[in-house]
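Everything below concerns the one structure shown next.
The values are calculated or read from the model by the stated rules, or taken from the named source; none is laboratory data. Fair warning: this is a prediction, and the values are worked out from it, not measured in the lab. No Cβ is skipped: glycine too gets one built from the backbone with ideal geometry, and neighbour counts run over all protein chains shown.
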Amino acid sequence: MKYLDEYRDGKIAAQIVDQIRRTLTRPWVVMEVCGGQTHSIVKNGIDYLLPAGVELVHGPGCPVCVTPLEMIDKAHAIARLPNVIFCSFGDMLRVPGSDGDLFTIKSLGGDVRVVYSPLECLKIARANPQKQVVFFAIGFETTAPANAMLVWRAREESLNNLSLLVSHVLVPPALEAILDAPGNRVQGFLGPGHVCAVMGYREYDPISARYHVPIVITGFEPLDILQGTLMTIQQLESGRATVENQYSRILDREGNRAAQKLIASVFKVGDRKWRGIGTIPMSGYHLRDEFSRHDAEKLFDVAGIAPLEPEICISGQILRGLKKPHDCPAFATLCTPQRPLGATMVSAEGACAAYYTYGRHLSPHGFDPLHQAIRETENVHANR
Amino acid sequence: MPTADEISKILGASGPDIVPASAPFGSCPLPIFDHKRIVLGHGSGGKLTADLIEKVFLPAFRNPTLDKMDDQAVLKIGNLRLAFTTDSFVVTPIFFPGGDIGRLAIHGTVNDLAMSGARPLYLSAAFILEEGLAVDDLRRVVESMRAAAAEAGVQLVTGDTKVVNRGKGDQIFITTTGIGIIENDVNISADQARPGDKIILSGTIGDHGMTIMSQREGLEFEGAIESDCASLNELVITMLSTSASTQRRDFIHTMRDPTRGGVATTLNELAKRANVGIVIDQRSIPVRESVKGACEVLGLDPLYVANEGKLLAFVVPEMADDVLDRMRQHPLGSNAAIIGEVVDTHPGMVLMKTEIGGTRVLDVMFGEQLPRIC
Amino acid sequence: MCLAIPGKVLSTFDQHGLRMAKVQFGGVVREACLEYVPEVQAGEYVLVHVGFALSRIDEAEAERTYQALRELGQLTELETPVDDELDERAQFVPVKIDPGGDGR
């Protein structure tokens, strides 16, 4: 597939790794912001390929992980109502609330439907005028244009049985929260490629300047991540701190103006609670008042749920890059993708889930026998 | 491992999914996390399914044959070895590119038998029909079964029909059983796998599962994907006759068709069953461009997508190339490839060398693979 | 987050007042909304997320990026013996599959 396959070339990957090795004079800690980048790193074993001086820590870029428990409970309460068709991206189906997940609700007779695109909700609403169609609109800025279009078209077509439960979050305030947190170790960032395809990267200049951290807007394929890492290391080694664009085939500094325009017409920025982190001011989107009749949070009386987070979960620290999954005593023992206790295990993109899926749970607390076995195999072949 | 009470205390919430191991069939030493209700994931062939079998079915029906957990039971009756299997088919939609529920029922059952090296002979089919099903649709399904049985060289010798109320049966469910004979010098089962065995995959993966997924609302893809539904018994006979000169037939240790859960789940099952390690190379795995494109768009991994006309064979290393050549001469094996080997390190675990030269663990699927946006 | 895939625009059309396109990803074709990339024409490549094209892929820029990546290799003059030796040992046979339509 064009523009995908060529960014998975193993030979070039090895060459970039070697270039990183030659550039490195001291250890650095770099955070990749996006859950999709975490996924790509762990899936391809990129962190195993990198030289030991580069430590990749995983960021909060997983909208599924950071959706607050209260919001999930609200979604579940709505999905349980008779006469409601509850539509959601597949990612949210297995996320447990305080009492079951959407799959469980479906098994008890709830009309829960997986959609690939928010536009499908328009079709469903048109076809079911006597039912309330509710769409769980989660995501970072990347998904905001699609969700915005859904609300816009709902109003244009007067689809008054269609509403959105909005839980949108924004990346730049999250980066600042990470950099502000005591004990922060992150020295550079691989910026979120697809978020910036929508928003551009103007917002990252002041962050880079204020905190003196390099931010390299990076794509998702292995070569993208490796090149982004190289560019970040080059900046760190030379003491520079600016915003650079590795993903230039997809985006430029301005981003997608048309998308930004519609987003601004439909959403306003407000405070949002991030699961595992807490409330970050001005870090999310809410529907503007003129779209109230499509705002599920206003239409449905779903107040009064007191969610209960397991105390043992340290996903807040993981989302801020302070800890790794195998630092958590519950990792892979009490807490698995089958029985997630917290944010970073619930979604395939979450760091804990990614680590578990790609077999990093062989021995918690640091030592990774798989890594050892791979190194030994490579040594054997290198010495032949 | 903490007790269920300790776990409940730690978790705090009275989540419905935490239930101490009730033991209608006898006590269980480990605390269990049970779903109180069956969810769709229990039918996906991944961890949830395995869990259900282990915790609900096996304790009730334990016996040496069942414990082997192959896709077919091998029964010794006098001097004869019979392969015996059963299967159910509930696919929606009932008609899809490349097949239908009837064709699937015949080929699926034949394949379960063929994977033990048996010659499939006789099938039964029980139909559960939903009130309101068009008789023409039923005719189409039945005609498809007739053609499939003829293709496979088996006979449908007994059957049953029931009808359930509208809304209780999703158009048509088919349950089958199948019997075949295993010749004396053929000994193929999961626990025969040995380190050094080469792993051969008979062709492209993900065709069936992506076809079904593409028929779902909102996931339509235009053209180019159809189910690979087919009977593999002829291919197996071809493979077994590789060594015509020596009449040797012991060079295939294990075979399995990677149906739901895909190649990754099946390799894991085999690795655990035989207590061996498996290493495969992602770059050697054949995938059609159309299936690859569909998987990329939905965020799915072809290694976990169902197949209905493919097999995995563990073959002794000295015969692997010859078996591969034989397979490639058969229409159902034209894209066959050696994708990996069985090793004695990391028993029970499947490792994969990735496209970019890294290595990762290939785990079992949990429940259904769902399209994702992240 | 943000699973987004590059695809080739085959044709454009209007539906319910929205500009749409048929986009080809590898061997399959799906619809996507072009409202956010109104300048895109058939034959061009776009990045698609949840059924929406978010940006037009700059082919010249892509070529430049890839060229830069290739050149990185020439700087380091690195061989990759590990891959070849592993291939020899394991005798894996990569099989190229043509886009749809070839016999099974």
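For the condition surrounded by fewer than 18 Cβ atoms within 10 Å (Cβ to Cβ), within 30 Å of A:Tyr7 (Cα to Cα) and of a type outside the set (Gly, Ala, Ser), what is the one hit in A:Arg253, A:Arg293, A:Arg249, A:Arg339?
Among A:Arg253, A:Arg293, A:Arg249, A:Arg339, only A:Arg253 is surrounded by fewer than 18 Cβ atoms within 10 Å (Cβ to Cβ), within 30 Å of A:Tyr7 (Cα to Cα) and of a type outside the set (Gly, Ala, Ser).
Kindly evaluate B:Asn275 against the criterion of being within 12 Å of chain C (Cβ to nearest Cβ) and either over 28 Å from B:Leu370 (Cβ atoms) or of a type in the set (S, T, N, Q) (or both).
So B:Asn275 does not fit the description; no.
Determine which member of the set A:Leu175, A:Leu190 is modelled with pLDDT under 95 and either closer than 23 Å to A:Gln246 by Cα or among the small types (Gly, Ala, Ser) (or both).
On the way: A:Leu190 fails: modelled with pLDDT under 95.
One residue alone meets the criteria, A:Leu175.
So in segment A:87-129, with the set limited to residues that are among the hydroxyl-bearing types (Ser, Thr, Tyr) and at the interface with another protein chain (Cβ under 8 Å from one of its Cβ atoms), which one is nearest to B:Leu300 (Cα to Cα)? Step through it out loud before you land on a result.
So in segment A:87-129, the residues among the hydroxyl-bearing types (Ser, Thr, Tyr) come out as A:88, A:98, A:104, A:107, A:116-117.
Now restrict to residues that are at the interface with another protein chain (Cβ under 8 Å from one of its Cβ atoms): A:98, A:104, A:107, A:116-117.
Numbers: A:Ser98: 28, A:Thr104: 22, A:Ser107: 24, A:Tyr116: 12, A:Ser117: 16 Å.
By that ranking, first place goes to A:Tyr116.
Among (1) buried (at least 24 other Cβ atoms within 10 Å of the Cβ); (2) at pLDDT below 90, where does C:Ala4 come up short?
Going through the list (1) buried (at least 24 other Cβ atoms within 10 Å of the Cβ); (2) at pLDDT below 90, C:Ala4 breaks only (2).
Going residue by residue through segment C:29-50, is there one that turns out to be assigned to a helix (DSSP H, G or I), modelled with pLDDT of 55 or more and within 7 Å of another protein chain (Cβ to nearest Cβ)?
Among the residues of segment C:29-50, not one is assigned to a helix (DSSP H, G or I), modelled with pLDDT of 55 or more and within 7 Å of another protein chain (Cβ to nearest Cβ), which makes the answer no.
Does A:Lys273 satisfy the condition of being away from every other protein chain (no Cβ under 13 Å) and modelled with pLDDT of 95 or more?
Against the criterion (away from every other protein chain (no Cβ under 13 Å) and modelled with pLDDT of 95 or more), A:Lys273 does not qualify.
What's the total number of residues in segment A:148-201 that are in a helix (DSSP H, G or I) and within 13 Å of chain C (Cβ to nearest Cβ)? It would help to see each step written out before you state the result.
Step one: of segment A:148-201, the residues in a helix (DSSP H, G or I) are A:148-156, A:171-180, A:193-199.
With the extra rule that they be within 13 Å of chain C (Cβ to nearest Cβ), the set shrinks to A:148-150, A:152-156, A:171, A:174, A:193-199.
Qualifying residue count for the region: 17.
Taking into account only those residues within segment B:328-374 that are at pLDDT 95 or above and out of contact with any strand residue (DSSP E or B) (no Cβ under 7 Å at 6 or more places or on another chain), which is nearest to A:Val17 (Cα to Cα)?
Checking each candidate, the answer is B:Asn335.
Residues of segment B:326-374 being more than 9 Å from chain A (Cβ to nearest Cβ) and without any contact (Cβ under 8 Å) to a residue 12 or more places away in the chain, which ones?
Result: B:Arg328, B:Pro331.
Kindly list the number of the only condition in (1) at pLDDT 95 or above; (2) surrounded by fewer than 21 Cβ atoms within 10 Å (Cβ to Cβ); (3) under 20 Å from A:Met71 (Cα atoms) that fails for A:Leu287.
Going through (1) at pLDDT 95 or above; (2) surrounded by fewer than 21 Cβ atoms within 10 Å (Cβ to Cβ); (3) under 20 Å from A:Met71 (Cα atoms) one by one, A:Leu287 breaks only (2).
Can you tell me which condition C:Leu10 does not meet? The list is (1) within 13 Å of chain B (Cβ to nearest Cβ); (2) closer than 26 Å to A:Gln37 by Cα; (3) assigned to a strand (DSSP E or B), and all the others hold.
(2)
Taking segment A:1-29 as the search range and keeping residues that are free of Cβ contacts under 8 Å to residues at least 24 places away in the same chain and over 17 Å from C:Glu71 (Cα atoms), which one is nearest to the other protein chains (Cβ to nearest Cβ)?
The qualifying residue nearest to the other protein chains (Cβ to nearest Cβ) is A:Met1.
Considering only helices (runs of 4 or more DSSP H) fully contained in segment B:254-346, which possess at least 3 residues that are under 30 Å from C:Lys22 (Cα atoms)? Before you say what the answer is, go through the steps one by one.
Values: elements: B:262-274, B:289-298, B:317-328.
Passing ranges, in order: B:289-298.
Please work out which one of (1) under 26 Å from B:Asp100 (Cα atoms); (2) within 12 Å of another protein chain (Cβ to nearest Cβ); (3) of a type in the set (Ser, Thr, Tyr) is the condition B:Thr265 fails and give its number.
Single failed check for B:Thr265: (2).
Taking segment A:233-252, which residues are away from chain C (no Cβ under 13 Å) and under 26 Å from C:Arg56 (Cα atoms)?
Once the filter is applied, which keeps residues that are away from chain C (no Cβ under 13 Å) and under 26 Å from C:Arg56 (Cα atoms), segment A:233-252 yields A:Thr242, A:Val243.
Mind checking which residues of segment B:134-185 are within 20 Å of B:Gly98 (Cα to Cα), more than 23 Å from the chain's Cα centre (by Cα) and not in a helix (DSSP H, G or I)?
B:Gln171, the sole residue that qualifies.
Here is a list: A:Glu244, A:Glu221. Which entry is of a type in the set (Asp, Glu), under 22 Å from the mean Cα position of the chain (by Cα) and either closer than 18 Å to A:Gln15 by Cα or not assigned by TED's automatic domain parsing to the domain that holds A:Asp295 (or both)?
A:Glu221
Before we move on, is A:Asp91 within 21 Å of the chain's Cα centre (by Cα) and not aliphatic (A, V, I, L, M)?
yes
Which residue is surrounded by the fewest Cβ atoms within 10 Å (Cβ to Cβ), if the candidates are limited to segment C:51-71 and must be of a type in the set (S, T, N, Q) and part of a helix (DSSP H, G or I)?
Going residue by residue through segment C:51-71, those that are of a type in the set (S, T, N, Q) are C:55, C:65, C:67.
From what's left, part of a helix (DSSP H, G or I): C:65, C:67.
Numbers: C:Thr65: 22, C:Gln67: 10.
Across segment C:51-71, the extreme among qualifying residues is C:Gln67.
Restricting attention to segment A:28-45, and to residues there that are more than 12 Å from the chain's Cα centre (by Cα) and either closer than 19 Å to A:Cys62 by Cα or outside the structural domain of A:Ile215 (by TED's automatic domain parsing) (or both), which single residue is surrounded by the most Cβ atoms within 10 Å (Cβ to Cβ)?
Checked segment A:28-45; the qualifying residue surrounded by the most Cβ atoms within 10 Å (Cβ to Cβ) is A:Met31.
Take the residues in segment C:18-28 that are more than 7 Å from every other protein chain (Cβ to nearest Cβ) and not β-branched (Val, Ile, Thr), then tell me which one is farthest from A:Leu119 (Cα to Cα).
C:Gln24
Would you tally the residues in segment A:46-58 being within 13 Å of chain B (Cβ to nearest Cβ) and crowded, with 21+ Cβ neighbours inside 10 Å?
3
Which condition breaks for B:Met213 when tested against (1) within 14 Å of another protein chain (Cβ to nearest Cβ); (2) touching a Gly at 6+ places or on another chain (Cβ under 8 Å); (3) not charged (D, E, K, R)?
Evaluating B:Met213 over (1) within 14 Å of another protein chain (Cβ to nearest Cβ); (2) touching a Gly at 6+ places or on another chain (Cβ under 8 Å); (3) not charged (D, E, K, R) leaves (2) as the failure.
Tell me whether segment A:146-160 contains one or more residues that are surrounded by fewer than 24 Cβ atoms within 10 Å (Cβ to Cβ), outside the structural domain of A:Lys323 (by TED's automatic domain parsing) and in contact with a Gly (Cβ under 6 Å, 6 or more places away or on another chain).
No: segment A:146-160 contains no residue that is surrounded by fewer than 24 Cβ atoms within 10 Å (Cβ to Cβ), outside the structural domain of A:Lys323 (by TED's automatic domain parsing) and in contact with a Gly (Cβ under 6 Å, 6 or more places away or on another chain).
On the given criteria, is A:Asp271 among the acidic types (Asp, Glu) and under 21 Å from the mean Cα position of the chain (by Cα)?
Numbers: among the acidic types (Asp, Glu): yes; under 21 Å from the mean Cα position of the chain (by Cα): yes.
Criteria met by A:Asp271.
Filter segment C:13-28 down to the residues that are in contact with a helix residue (DSSP H, G or I) (Cβ under 8 Å, 6 or more places away or on another chain) and not in a loop (DSSP other than H, G, I, E, B) and list them by number.
C:Leu18, C:Gln24, C:Phe25, C:Val28
Residues to consider are B:Ala244, B:Ala224, B:Ala274; find the one that is within 20 Å of the chain's Cα centre (by Cα) and either more than 30 Å from B:Asp51 (Cα to Cα) or buried (at least 21 other Cβ atoms within 10 Å of the Cβ) (or both). Spell out the reasoning first.
Working: B:Ala244 fails: within 20 Å of the chain's Cα centre (by Cα); B:Ala224 fails: within 20 Å of the chain's Cα centre (by Cα).
Result of the check over B:Ala244, B:Ala224, B:Ala274: B:Ala274.
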